Each structure stands twice: as C-alpha cells, then as structure tokens.
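For reference, the structure discussed in these notes is given below.
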Amino acid sequence: MQKTKARTKARNKKQFDPLAVSKPANIGLNIYLIFLTISAILPFVFVFIISITDESYLAVNGYSLFPKELSLDAYKMVFSSGSSILNAYKVSIFITVVGVILALILTTLYAYALSRQDFEFKGFFTKVSTIPMLFSGGLVAGYLVMTQVLGLKDSIWALILPMLLGTFNIIIMRTFFQTSIPKALIEAATIDGANEFQIFFKIVLPLSLPVLATVGLFLTLGYWNDWYNAMLYIDDLDKIPVQYLLIRIQNSTSFLSSRGGQIGGVAAQAMKTLPKETLRMAIVVITTAPIAITYPFFQRYFISGLTLGAVKE
C-alpha cells in the first residue's frame, strides 16, 4: 500500500513538475523581454548615430544606422557657447534639485493629511487639490499672478513654484499612505504618546521610500524638461535652463540656414551647411542623457511605488 502511494506521488510530481512546465515559457518570455529591451534602446542609439552623422551625407543619403561619414559639428555648435551651456546646466540642476525637494515635502504633507480618516477638512482639501486638474486659471491669469502679484519676473523661483504641487502626485501618495501604511502602526504610535509630526517623520516617511522615489522621478522629469516657464518669465540669459538654451540655439541655426540663399558669397555657403537635423538629434541626446543615467538608480523603488499603492488587500 505504501509503495502504491509512493508511486502515485512520484507520478503526480513528475506530471506537474513546475520546472518542466515553465521552461519553454521562460525561454519564450526571455526572448520577448530581450526584444522589448532592444526596441526600447534602439531608438536612442539611432538618435545618437544621427547626431554624429555628417549633415551633407544625411541630406543626400537619409538616416542610416551605419553612416559612412561622421561629424561632431552638431556637438561643437552646442558647446561653442562655452560658459553659457555650463551656466544653463547649473541653472537646470539647481531648479531640479530644489524643486524636487520642496515639491516632495509639500506633496507628502498634503497627501498624508488627506489619507487620515480623522482629518476634519479632508473633503474640502480634496476638492481644492482636484479642481485645478479639471479647470485651469489660464495663461494670462497665471502670468499676471507670477509677474505682478508675486513679482517673480526674471526670477529662478518662477521656474520652481508652478510645479510644486500636482494633483496626480497627491493622488499617488494618498493612495499609498491609505493602502500600504498599517493603521495599527499609527494607532500604536499614538498610544505610545507620539504626536502627528513624530508619526509622520519617524514612521510614515521611512516606510514610504518607494512612493517618494516614484513621485520624485516624475518631478525630476518635469523640472528637467521644463522650458515653457523659462520662455514666459525669464529674459536674463544667465537664468535660463539648458533646455531653453538649446531650443534657442536650434531656432537660431534654422533661421540662419533658411536665410542662406538671401546672402551671397562664402557666408551663404557656410549658412547652408549649418547642421540642422544633426543638431536637433544632438539636443535630444544632451537633454535625455542625464535622466537616462539616473533612472536605473530609481528603477527598483519606481516599480515598487507604482504597484504597492495600486491594490488594496
């Protein structure tokens, strides 16, 4: 009898061996993931190759993964401004670091208050945070408030304040606090005599690294890629971020290249040969590279932050 049970158990184990069943699926899944990885990396590699392709070769032969003529004219033109591009990078880094820190502080405080069921004005502040997502004051009103009321024309703070609080970020953090922070832990801390600030800074924040990294990455992308506010509020060339500086360089190059036919002589020929397509791709590489380099450090927390607050057990 025992031998029969042993044979049956061995037969069932052999029949439902998870390794034997999942091996073909794992191979197929790995091939699929490799294909997705290549499809995600290849466009950026292609953009970089175009940026180092000779402009005249590109005009004749079009885009190619393996160009026969290479040139760094686009990067030379971008970095020919010398101190201007370096100063623009400093401005972008300052705006991004300060803006992300301040935005995380305000967003976490706001979202934590909304996540507490015993907060008396929870409904009111939820509506206050939701209305701007549905209705905007408009460009004119925003410009008047920023320049006339706050007096921030040509100020670095005009590039930081507009993005400090976002409804989407508040919703993500509020959901995370409601679903991933045990209520029993907060109640135990309250019984032990901890006040709200002690609970928030010593208990809630240390458990919220995934959502902080997720929202922090969103904010970093927003501040680093922002050029629209600089176009509206900044006239001082020493205070413009790198994205807006590169856009100005590209627009100037396109203008000179389009006017080359109206000027005779050597100057006209030089203007016609200015890099246009390669310059556009070089700008993409320069603005994207810092984010692409820093993203792997946030990836683990980024994925956790998106999934932990998504499902309530």
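The values are calculated or read from the model by the stated rules, or taken from the named source; none is laboratory data. Note that this is a predicted model, so its numbers are computed, not measured. Virtual Cβ from ideal backbone geometry, glycine too; neighbours counted across all protein chains shown.
Residues that are under 31 Å from the mean Cα position of the chain (by Cα) and either surrounded by 10 or more Cβ atoms within 10 Å (Cβ to Cβ) or at pLDDT 85 or above (or both) number at least 3 in the following helices (runs of 4 or more DSSP H) confined to segment 1-78: 18-51. Checking each residue in segment 119-173 for being of a type in the set (Asp, Glu) and at pLDDT 85 or above picks out only Asp154.
Residue by residue, here is whether (1) in the same structural domain as Thr288 (by TED's automatic domain parsing); (2) of a type outside the set (S, T, N, Q) holds:
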| residue | (1), (2) |
| --- | --- |
| Ile41 | no, yes |
| Phe44 | no, yes |
| Tyr57 | no, yes |
| Val60 | no, yes |
| Ser64 | no, no |
| Phe79 | yes, yes |
| Ser83 | yes, no |
| Leu86 | yes, yes |
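For the residues Met231, Met281, the requirement of being buried (at least 18 other Cβ atoms within 10 Å of the Cβ), part of a helix (DSSP H, G or I) and at pLDDT 80 or above singles out Met281.
The residues on offer are Ser92, Ser129, Ser84, and the sole one that is in contact with a Leu (Cβ under 7 Å, 6 or more places away or on another chain) and in contact (Cβ under 8 Å) with a residue 40 or more places away in the chain is Ser84.
Across segment 184-200, what is the number of residues that are part of a helix (DSSP H, G or I) and either in contact with a helix residue (DSSP H, G or I) (Cβ under 8 Å, 6 or more places away or on another chain) or of a type in the set (Phe, Trp, Tyr) (or both)? Spell out the reasoning first.
Applying the first criterion (part of a helix (DSSP H, G or I)) to segment 184-200 yields 184-191, 196-200.
After this cut, where a residue has to be either in contact with a helix residue (DSSP H, G or I) (Cβ under 8 Å, 6 or more places away or on another chain) or of a type in the set (Phe, Trp, Tyr) (or both) as well, the list is 185-186, 189-190, 197-200.
Adding up the residues that qualify gives 8.
Just wondering, is there one or more residues in segment 90-105 that are surrounded by 13 or more Cβ atoms within 10 Å (Cβ to Cβ), of a type in the set (Ser, Thr, Tyr) and at pLDDT 85 or above? Looking through segment 90-105, at least one residue is surrounded by 13 or more Cβ atoms within 10 Å (Cβ to Cβ), of a type in the set (Ser, Thr, Tyr) and at pLDDT 85 or above.
The condition (being closer than 20 Å to Glu187 by Cα and over 19 Å from the mean Cα position of the chain (by Cα)) is satisfied by just one residue among Phe119, Phe135, Phe124: Phe119.
Here is a yes/no grid of residues against (1) of a type outside the set (Ser, Thr, Tyr); (2) closer than 30 Å to Thr179 by Cβ:
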position	(1), (2)
Leu109	yes, yes
Leu114	yes, yes
Lys122	yes, yes
Thr126	no, yes
Ile131	yes, yes
Phe135	yes, yes
Gly138	yes, no
Ala141	yes, no
Met146	yes, no
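Here Thr96 qualifies as within 20 Å of Leu246 (Cα to Cα) and within 20 Å of the chain's Cα centre (by Cα). Taking residues in segment 110-121 that are polar (S, T, N, Q), and partners anywhere that are assigned to a loop (DSSP other than H, G, I, E, B), the pairs with Cβ atoms closer than 9 Å and at least 6 places apart or on different chains are Ser115/Ile181. When segment 123-175 is filtered for residues that are surrounded by 14 or more Cβ atoms within 10 Å (Cβ to Cβ) and small (Gly, Ala, Ser), the ones remaining, listed by number, are Ser129, Gly142, Ser155, Ala158, Gly166.
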